[in-house]
Amino acid sequence: MSMNFVKKLLIPAEVKKEYPLPEKVVEVKKQRDAEIRDVIMGKSDKFLVIIGPCSADAPEPVLEYVHRLAEVQDKVGDRLILIPRIYTNKPRTTGEGYKGMIHQPDPEKQPDVFAGLVAVRSLHTRVIEETGLTSADEMLYPENYRYLDDLLSYVAIGARSVEDQHHRMTVSGMDVPAGMKNPTSGDLSVLLNSVVAAQAKHTFIYRGWEVNTTGNPLAHVVLRGATNKHGGTIPNYHYEDLKLLHEMYEERDLENPAVVVDTNHSNSGKKYLEQIRIVEEVLHSRSYSPELRKMIKGFMIESYLEDGAQKIGSEPHIYGKSITDPCLGWEKSEKLIYEIYKKC
């Protein structure tokens, strides 16, 4: 066993200095952050739709997707805020497989982490410059967050990370909404404990520093379904699940009780077409209960240019088709956004 130290990476401040943001990008992010924050805090009745590929595999199809999304945003902006899902860090259940653009800027080449950092920063910057939208990414590695904290408007904490104290404490130092996914066990008490921790003040070690945080009142719940001991999926988007979560939220002294429903993963059993039906059901629950209408702030939807998924290196390679989990294609996704717009 050994660990080979390949190269020392620039610290986030150095990367930001070498790859600075245009003033336009800074201003757009400031405005978008305020709009999204108001939704989580209940100051705005707009609804969040965090939508995009399971993994951002290449700049060209991702940017084409986000350009299309921006055109739809222009039509639904009075009710919806569309947040491109540009996930560049991919958790792998067994540790094998594509770990995201931050590891491999080209999925078919060897890992190059520094090139990955530059590619990811460039992609998030281009999204804002070219479309006026700001994106969401997953914080798989807490120490990497500072490389992107000036670009992201929403951060997701995954089901396998949410019980980790370092993730929770790092979220407590963020100034943007952080969606804490329920653990794979589905335990809602554990989930809400993560929100409590993320909203609290902490002192801890981060990137070789002793740091203090003030707590993140925008940390909230994401329901993504669970897995039982036999490996079967257990959805948790039904009316009864949402009512139980509301009751448990009320029992705790938490700011801005909010939930975003992840329509794929263990809620759909990764049957991507089920996302359409799940959206319909949750919107119905939200319209039926004033309490749920107030608590449910948005959806996470896996969507790309083409339906389904393909393997890395498959021939022919289909442009804009997921190389990880299967996604809704663009036509179905656009139609679904307009359905959400009508009913939210």
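The values are calculated or read from the model by the stated rules, or taken from the named source; none is laboratory data. Given the structure is predicted, the values throughout are model-derived calculations rather than measurements. Reconstructed Cβ throughout: ideal geometry from the backbone, glycine too, with neighbour counts over all protein chains shown. Please note that ligands, DNA and RNA were not included when accessible areas were found on the heavy atoms of the full protein model with its side chains. Shrake-Rupley method; radii C 1.70, N 1.55, O 1.52, S 1.80 Å.
Length available on full extension from Ile234 to Glu250: 0.36 nm per residue minus the Cα-Cα distance, which gives 3.4 nm. Report note on the peptides 239-249, 40-50: ranked by the mean count of other C-beta atoms within 10 Å, highest first, their order is 40-50, 239-249.
On the accessible surface of the stretch 158-272, probed at 1.4 Å, how many percent belong to carbon and sulfur atoms? Mind showing how you got there, number by number?
Details: 2450 of 5050 Å².
That fraction is 49 percent.
What's the ranking of 67-80, 211-224 by average number of surrounding C-beta atoms within 10 Å, highest first? Present the calculation step by step, with values, prior to reporting the outcome.
Values: 67-80: 15.0, 211-224: 21.4.
Most protected by this proxy first, the peptides run 211-224, 67-80.
Each Lys or Arg adds one and each Asp or Glu subtracts one; over the other residues with Cβ under 10 Å from the Cβ of Tyr239, this totals -1.
What FRET efficiency do you get for Arg92 and Glu291 if R0 is 51 Å and r is their Cβ-Cβ distance, rounded to the nearest 0.05? Mind showing how you got there, number by number?
Working: r = 37 Å, r/R0 = 0.73.
Working from the Cβ atoms, E equals 0.85.
Counting Lys +1, Arg +1, Asp -1, Glu -1, what net charge surrounds Pro177 among other residues with beta carbon under 10 Å of its beta carbon? Each step should come with its number before you reach the end.
Values: positive: Arg37, Lys297; negative: Asp33, Asp175.
It works out to a net charge of 0.
Paramagnetic label reach from Val211 (point 7 Å along Cα→Cβ; backbone nitrogen cut-off under 18 Å): within the stretch 36-51, no residues. DSSP finds beta bridges in the chain, and of those with both partners inside it, around 20 percent are antiparallel.
Modelled spin labels at Arg160 and Gln110, positioned 7 Å past Cα toward Cβ, are 2.5 nm from each other. Taking every DSSP helix (H) stretch of at least 4 residues in the chain, weighting each as -39,500 (n - 2.57) and dividing the sum by the residue count yields a mean residue ellipticity at 222 nm of -12000 deg cm²/dmol. If the chain linking His317 and Arg68 were pulled fully straight, counting 0.36 nm for each residue of separation and taking away their Cα-Cα distance, it would gain 87.5 nm.
Between Lys343 and Lys270, the distance separating the two model label sites (each 7 Å from Cα on the Cα→Cβ line) works out to 2.7 nm. Distance from the Cα centroid of the stretch 1-38 to that of the stretch 251-277 is 28 Å (rounded to whole angstrom).
Between Ser44 and Val196, how high is the FRET efficiency from 1/(1 + (r/R0)^6) when r is the Cβ-Cβ distance and R₀ = 35 Å? Nearest 0.05. Walk me through the numbers before you get to the answer.
Working: r = 25 Å, r/R0 = 0.70.
The pair Ser44/Val196 has a calculated efficiency of 0.90.
Rounded to the nearest 20 debye, the dipole size of the stretch 71-178 about its Cα centre is 240 debye, using +1 on the Cβ of Lys and Arg and -1 on the Cβ of Asp and Glu. Per-residue packing, averaged as other Cβ atoms within 10 Å, sorts the ranges 14-20, 197-203 into the order 197-203, 14-20, beginning with the highest.
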